[in-house]
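Each reported figure results from applying straightforward, stated rules to the coordinates on display, with no laboratory input. The structure presented is a predicted model; accordingly, all values stated were derived computationally and were not measured. Quick reminder, even Gly has a Cβ in these numbers, built from the backbone with ideal geometry, and neighbours come from all protein chains shown.
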Amino acid sequence: MIAALPMYDAGAGTAEAMWLALAAALRAAGVNHVPDTLTLPDNLLSHWRDPALLLSQTCGYPLTHALAGQVQLLGAWRYRWPGCDGAQYRSWLIARADDPRATLDEFAGATLAYNSDDSQSGYHSLRRLLLPHDIGSFFGQTVATGAHRKSIAAVRDGYADLAAIDCVSYALLAQSAAAELDGIRIIGSTPQTPGLPLITSLHTSTEQLTRIRVALQSVVGHPALAAFGIVGFEALPLAAYPV
């Protein structure tokens, strides 16, 4: 079996420490074939679709689109960060601190930086906020950066004017590399949506899936998870995620 924690970064060594805590909880709950170490996937879609997947974290948009019918949903973490409410989270709309524009409407024709077009937090949450407009017609130019951190840098350094940044990613960056947010301000937010889904393979049995959920609940409160701001786990139905 394989596992990965590919979505959030709380600093060097934190993902490995979190996995040690999770692996111990999974074994204590009776989960079979728990790997000792994390996989570092080169291709996330291939990783998420791997029939040997025990545990990973994806994004809400791939869950209901590219991964539809190909994985099982376990639930989502609850985070303590601003912008989170239970298992719900939102994205912050960020601009340069010296940019006089203060509302999203004022950024019509501006340059948007986004991590990827399959990202719920960086792209589709903003797309829904702009309805009936679409991103291509509202913004003058769009720049795909590949990561929230790179989108922040693009705005800060003047290559873009606006970005939608997952509030957990923003908080973790403020905690571990606050200087990267110098010259950035929040001008608004997107509506809340269920947090990043924790998933397992379609081949995971119902019994093992239940045991994984028990383990995820039991490990809450461990210092390795607290480093990520995790304060709970919630089993969510697939219908909770927007299509």
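At what distance in angstrom do the alpha carbon centres of region 180-211 and region 222-238 lie from each other?
Distance between centres, Cα-based: 10 Å.
Ordered by residue, what ³J(HN,Hα) values in Hz, to whole numbers, does region 218-225 give under the Karplus form 6.51 cos²θ - 1.76 cosθ + 1.60, where θ = phi - 60° and Gly and Pro are x?
Taking θ as phi minus 60°, the curve returns 6, 7, 4, x, 5, x, 5, 7 Hz for region 218-225.
Given only helices, namely DSSP H runs of n ≥ 4 each adding -39500 (n - 2.57), what is the per-residue ellipticity at 222 nm of the chain, to the nearest 500 deg cm²/dmol?
Working: 9 runs with 72 residues, N = 243.
Counting only the DSSP helices, I get -8000 deg cm²/dmol.
Can you give the FRET efficiency for ASP36 and ALA239, using 1/(1 + (r/R0)^6), R0 = 51 Å, r = Cβ-Cβ distance, to the nearest 0.05?
Working: r = 35 Å, r/R0 = 0.69.
Here the calculated transfer efficiency is 0.90.
Could you pull out every residue, at least 5 positions away or on a different chain, whose amide H is within less than 5 Å of the one on ARG78? Hs are placed 1.01 Å off N in the peptide plane, and Pro or chain starts have none.
Correct list: VAL231, GLY232, PHE233, GLU234.
Between the alpha-carbon centers of region 1-60 and region 89-132, tell me the distance in whole angstrom.
For region 1-60 versus region 89-132, the Cα centre distance is 30 Å.
So if a site counts as exposed when it's one of the trypsin sites (Lys or Arg not before Pro), its DSSP state isn't H, G, I, E or B, and it has at most 15 other Cβ atoms within 10 Å, what's the longest stretch of the chain without one?
102-243
Report the convex hull volume per residue for the chain, counting only C-alpha atoms, in Å³. Each step should come with its number before you reach the end.
Numbers: hull volume 27.3 nm³, N = 243.
Considering the Cα atoms of the chain, their hull volume per residue is 112 Å³.
Over the Cα atoms of region 91-191, how large are the radius of gyration and the largest Cα-Cα distance (Dmax), in Å?
Cα radius of gyration and Dmax of region 91-191 are 12.1, 37 Å respectively.
In whole Hz, with x marking every Gly and Pro, tabulate ³J(HN,Hα) for region 226-243 from phi via Karplus 6.51 cos²θ - 1.76 cosθ + 1.60, θ = phi - 60°.
Taking θ as phi minus 60°, the curve returns 4, 4, 8, x, 6, 10, x, 9, 10, 6, 10, x, 4, 5, 5, 8, x, 9 Hz for region 226-243.
Evaluate the charge dipole of region 91-191 about its Cα centre and quote only its size in Debye, nearest 20, assuming +1 on the Cβ of each Lys and Arg and -1 on the Cβ of each Asp and Glu. Write out the running numbers ahead of the final one.
Details: 8 positive and 12 negative charges, 24 e Å.
Charge dipole, region 91-191, about its Cα centre: 120 debye, nearest 20.
If amide hydrogens are placed 1.01 Å from N in the peptide plane, which non-local residues have theirs closer than 5 Å to the one on TYR89?
Residues meeting the criterion, in which the H sits 1.01 Å from N, are THR193, GLY195.
What FRET efficiency would be calculated for the residue pair ALA226, GLN70, taking the C-beta separation as r and a Förster radius of 35 Å, to the nearest 0.05?
Values: r = 32 Å, r/R0 = 0.91.
Result of the calculation: an efficiency of 0.65.
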